[in-house]
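Following this message is one structure expressed as structure tokens.
Every read-out reported here was derived from the displayed coordinates using simple, explicitly stated rules and does not represent laboratory data. These numbers were taken from a predicted model, which means no experiment stands behind them. Quick reminder, even Gly has a Cβ in these numbers, built from the backbone with ideal geometry, and neighbours come from all protein chains shown.
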Amino acid sequence: MARLEGKTAVITGAADGIGHAIAEAMAREGAHVFLGDIADGAGEEFATALRAAGRQADYVHCDVSQGADIAGLIDSAVKKTGHLDILVNNAAIAIGGMPVHEMTDEQWHRLIAVNLTSVFHGCKYALPHMIAQKSGSIINMASAQGHIGLDGWTAYAGAKGAVMAMTRQMAVEFGPVNIRVNSISPGTINTPMNDRLIKEIGGNLAKAWVKMHPLGRIGEPSEVAEAAVYLASDAAGFTTGTDLRVDGGLTAAPRYVPELL
Ligand SMILES: NC(=O)c1ccc[n+]([C@@H]2O[C@H](COP(=O)([O-])OP(=O)(O)OC[C@H]3O[C@@H](n4cnc5c(N)ncnc54)[C@H](O)[C@@H]3O)[C@@H](O)[C@H]2O)c1
């Protein structure tokens, strides 16, 4: 039997990268997936392709820096299916590669809005439905960078560390009403985000990433998606307040080698 049969899942940043892989895997496992993104063309196309493959999927425009957009995405899922079982707060942006004192206030506020306030809004609008039905699974996308240091990424790491702290707090607060809240910390994953960083930063970045991971490679979005399916499923029924590292061992044995960059 499919592991998420009959569940409704909302996934932000689902048009590409890790969110796309999570949506694909959750739909394959029987969930009705509601895809939120700002890339409307790619998002609509993805939802159409999923439906053509016999899955249940809807695309809704959702800029996660706008609380009203997140409310609208969650609303459409509940209006169409009558419930909300899984929320994946996945969308985020990478602004970094500069020392913290060279970051502008605009860059800081943009990063916090997209990577952190979005998680607050996702939970704020999902929780009333989950509390009423006395069940739910929230998965917040954190990062290996919430665990270890890397020059140039203070704001990004700060937001991801806060996402993990919020995850623990909400797990404690909503455990008594059967809502589980967990996060995932990926290592370096083969996504458009990193393709852009390789272009922007250049040098030996791609080779350094491979060396930093004890498994000797970067990860694939589908490998993060399988962790999300697990955390959303009944198999993880006693798992809450945890951060699941899907990082090829990156944070177990940091191998950051600046001279390779
Ligand atoms: N790729 C990695 O190596 C890596 C590592 C650790 C953590 N993460 C985290 O995983 C998540 C996904 O990263 P990714 O690599 O797939 O990113 P990505 O840039 O490849 O894809 C992100 C998706 O989010 C969408 N998006 C961007 N801004 C948005 C906004 N304001 N509102 C809604 N959607 C928006 C994009 O259109 C895109 O579809 C993020 O939370 C990221 O911080 C990624």
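Considering Cα pairs under 8 angstrom that are at least six residues apart, work out the relative contact order of the chain and quote it in whole percent. All intermediate terms of the calculation are to be shown ahead of the outcome.
Working: 536 pairs, mean separation 50.9, N = 261.
Once divided by the residue count of the chain, the mean separation gives 20 percent.
Using 0.36 nm per residue of separation minus the Cα-Cα distance, give me the extension gain between ALA52 and THR239 in nm, one decimal.
Numbers: separation 187, 0.36 × 187 = 67.32 nm, distance 3.40 nm.
Residue separation times 0.36 nm, minus the Cα-Cα distance, leaves 63.9 nm.
With a Förster radius of 45 Å, plug the Cβ-Cβ distance of LYS79 and GLN107 into 1/(1 + (r/R0)^6) and report the FRET value to the nearest 0.05.
Details: r = 36 Å, r/R0 = 0.81.
It comes out at approximately 0.80.
Additional query: If each residue's Cβ is checked for other Cβ atoms within 10 Å, how do PHE120, PHE34, PHE174, PHE238 rank with the fewest at the top?
Ascending number of Cβ neighbours within 10 Å: PHE238, PHE120, PHE174, PHE34.
Per residue of the chain, what 222 nm ellipticity follows from adding -39500 (n - 2.57) for every DSSP H run with n ≥ 4, rounded to the nearest 500?
Numbers: 9 runs with 115 residues, N = 261.
Calculated mean residue ellipticity at 222 nm is -14000 deg cm²/dmol.
Determine the dipole magnitude for the chain: charges of +1 sit on the beta-carbon of Lys and Arg, -1 on that of Asp and Glu, nothing else is charged, the reference point is the Cα centre, and the result goes in debye to the nearest 20.
The calculation lands at about 580 debye.
For ILE198 and ASN178, what is the calculated FRET efficiency with R₀ set at 51 Å and r taken between the beta-carbons, to the nearest 0.05?
The calculated FRET efficiency here is 0.75.
Oh, and also: Using only Cα atoms, find the angle between the long axis of helix 67-81 and the longest principal axis of the chain, and express it within 0 to 90 degrees, rounded to the nearest 10.
That works out to roughly 40 degrees.
Report the equivalent ellipsoid semi-axes for the chain in whole Å, largest first, defined as the square roots of five times the eigenvalues of the gyration tensor built from alpha carbon atoms.
29, 19, 19
Taking the Cα centre of the range 8-248 as the origin and placing charges on Cβ (Lys, Arg +1; Asp, Glu -1), which of ALA157, ALA142, THR240 is farthest toward the positive end of the dipole?
It is THR240, whose Cα lies furthest towards the positive end.
Still on this structure, please answer the following. Mean-square fluctuation check for the chain, GNM, Cα pairs under 10 Å: which of ASN89, ASN140, ASN204 is largest?
Looking only at ASN89, ASN140, ASN204, the biggest GNM fluctuation is shown by ASN204.
Working from Cα positions, state the angle (0 to 90°, nearest 10) between the long axis of helix 118-133 and the longest principal axis of the chain.
Its long axis makes an angle of about 30 degrees.
May I pose another question? Which lysines does LYS134 reach when only Cα atoms under 17 Å apart count, and residues fewer than 8 places away in its own chain are ignored?
Partners found: LYS7, LYS124.
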